[in-house]
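Asks: Before I ask anything, let me first share the structure, which is written out below as structure tokens.
The values are calculated or read from the model by the stated rules, or taken from the named source; none is laboratory data. Only a predicted model underlies this, so the values are computations on that prediction, with no experimental measurement involved. A quick note on method: Cβ atoms are made from the backbone with ideal geometry, for glycine too, and the neighbour counts reach across all protein chains shown. Surface areas here come from the heavy atoms of the whole protein model, side chains and all, with no ligands, DNA or RNA. Shrake-Rupley method; radii C 1.70, N 1.55, O 1.52, S 1.80 Å.
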Amino acid sequence: MNKIEELAKRIDKSNNIVFFGGAGVSTESGIPDFRGASGVYNEKLNTNISPEEIVSSDYFYQFPEEFFSFYREKLLYPQAKPNSCHKALARLEEMGKLKAIITQNIDDLHQQAGSKVVYQLHGTVMKNHCLKCNKFYNLEDILNMDNVPTCSCGGIIKPDVVLYGESLDEDTMVKSIEAIAHADLLIVGGTSLVVYPAASFINYFRGSTMALINLTKTNYDSNADIVINDKIGKVFNEIMKYLEQ
């Protein structure tokens, strides 16, 4: 029995699954893995400022024009659509098996696929608020504005994403940790598990099986019961064929 079939069998027997995902979940939708070899964080920018600095809270407040220029070009993918992984997870939730998705991604593709319980550790590009009056703006509003998006009251509009130097939302963290702690099957996918504190959350898992699906090896491979080094969309396609045959 191969590893994908083994994971499919464990999914078939479980009704308390949690999925913890990273950038690799959305690469098959055309959104780059920012930390990959050709990702944003490894690009040579025409400046001595690193991408991490540009997407920091300090930089946002000091240089909003430069921040939004980078943000629009590198972090917004409004044409992206859910891929096989997003759709399979939504189907597993519908089947009563998957209890929560915990994602480091900011793209909302899980919700677009139909998933209901999604904890977005690093926020979302879909929500934006005025720093002055707290008025809400959606992604389309931001895309229709030039340069620094400005509220009708004159305040700067900030995306609801967690920038470097900002803390994760406490309620989202608590719910994510609780979901992982109570799961009997944890599937970790599309993440190299190097971004903290998010990566440390999987240490709260006390269930029977942890599966790790990623193109490359991670430092957590030895902790997992099943390790699959392959494209996550392909893996979930095969899993769903097994479950729905």
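Asks: Calculate, for Glu5 and Glu65, the FRET efficiency according to 1/(1 + (r/R0)^6) with r their C-beta to C-beta distance and R0 51 Å; round to the nearest 0.05.
Replies: The pair Glu5/Glu65 has a calculated efficiency of 0.45.
Asks: Give the long-range amide H neighbours of Gly189: residues separated by 5 or more places, or on another chain, with amide H under 5 Å away, using H modelled in the peptide plane at 1.01 Å from N.
Replies: Phe20, Gly21, Gly22, Ile213
Asks: What do you get for Rg/Rh of the chain when both radii come from the Cα atoms and Rh is the Kirkwood radius?
Replies: Rounded to two decimals, Rg/Rh equals 0.99.
Asks: Where does the chain land at 222 nm, in deg cm²/dmol rounded to the nearest 500, when only DSSP H runs of n ≥ 4 count, each adding -39500 (n - 2.57), divided by all residues?
Replies: Helix-only estimate at 222 nm: -9000 deg cm²/dmol.
Asks: Students often check this: by mean Cβ neighbours within 10 Å, which of 156-163, 220-227, 131-138 ranks highest, and how do the rest follow?
Replies: Packing proxy ranking, top to bottom: 156-163, 220-227, 131-138.
Asks: Moving to a separate point now. Suppose R0 equals 25 Å. What FRET efficiency, 1/(1 + (r/R0)^6) with r the Cβ-Cβ distance, do Tyr204 and Lys116 give to the nearest 0.05?
Replies: That pair, Tyr204 with Lys116, gives E of 0.65.
Asks: Where in segment 177-207 does the label zone of Ala80 land, with the point 7 angstrom along Cα→C-beta and an amide N cut-off under 15 Å?
Replies: Correct set: 190-192.
Asks: Report the gain in length on full extension from Cys153 to Asp12: 0.36 nm times residue separation, minus Cα-Cα distance, nm rounded to one decimal.
Replies: Stretched out fully, the Cys153 to Asp12 stretch lengthens by 45.5 nm.
Asks: How far apart, in nm, are two points set 7 Å out from the Cα along the Cα-to-Cβ line at Asp146 and at Lys175?
Replies: It is 3.9 nm.
Asks: Sticking with the crude label model, points 7 Å out along Cα→Cβ, report the distance from Asp225 to Val195 in nm, one decimal please.
Replies: Going from the Asp225 label point to the Val195 one covers 2.7 nm.
Asks: Further question: On the protein heavy atoms, probe 1.4 angstrom, tell me the percent of accessible surface of segment 1-160 carried by carbon and sulfur.
Replies: Here carbon and sulfur together make up 45 percent of the probe-accessible area.
Asks: From the square roots a ≥ b ≥ c of the eigenvalues of the alpha-carbon gyration tensor of segment 162-241, which class results: rounded (a/c under 1.5), prolate (a/b over b/c), or oblate?
Replies: prolate
Asks: Taking Cα pairs under 8 Å and at least six residues apart, what relative contact order does segment 150-245 come out at, in percent?
Replies: RCO, segment 150-245: 21 percent.
Asks: Can you list the lysines whose alpha carbon sits under 22 Å from that of Lys132, skipping same-chain ones fewer than 8 residues off?
Replies: Within the straight-line limit of under 22 Å, Lys132 reaches these lysines: Lys158.
Asks: Can you pick out the pairs among Lys99/Lys217; Lys9/Lys127; Lys13/Lys116; Lys99/Lys234; Lys3/Lys97 whose Cα atoms lie more than 31 Å from each other?
Replies: Result: Lys9/Lys127 exceed 31 Å.
Asks: What longest range of the chain stays clear of loop-exposed GluC sites (Glu not before Pro) (DSSP non-H/G/I/E/B, at most 15 other C-beta within 10 angstrom)?
Replies: 44-165
Asks: Now a separate question. Please compute the per residue accessible area over segment 154-245 with all protein chains in place, 1.4 Å probe, rounded to a whole number of Å².
Replies: 48 Å²
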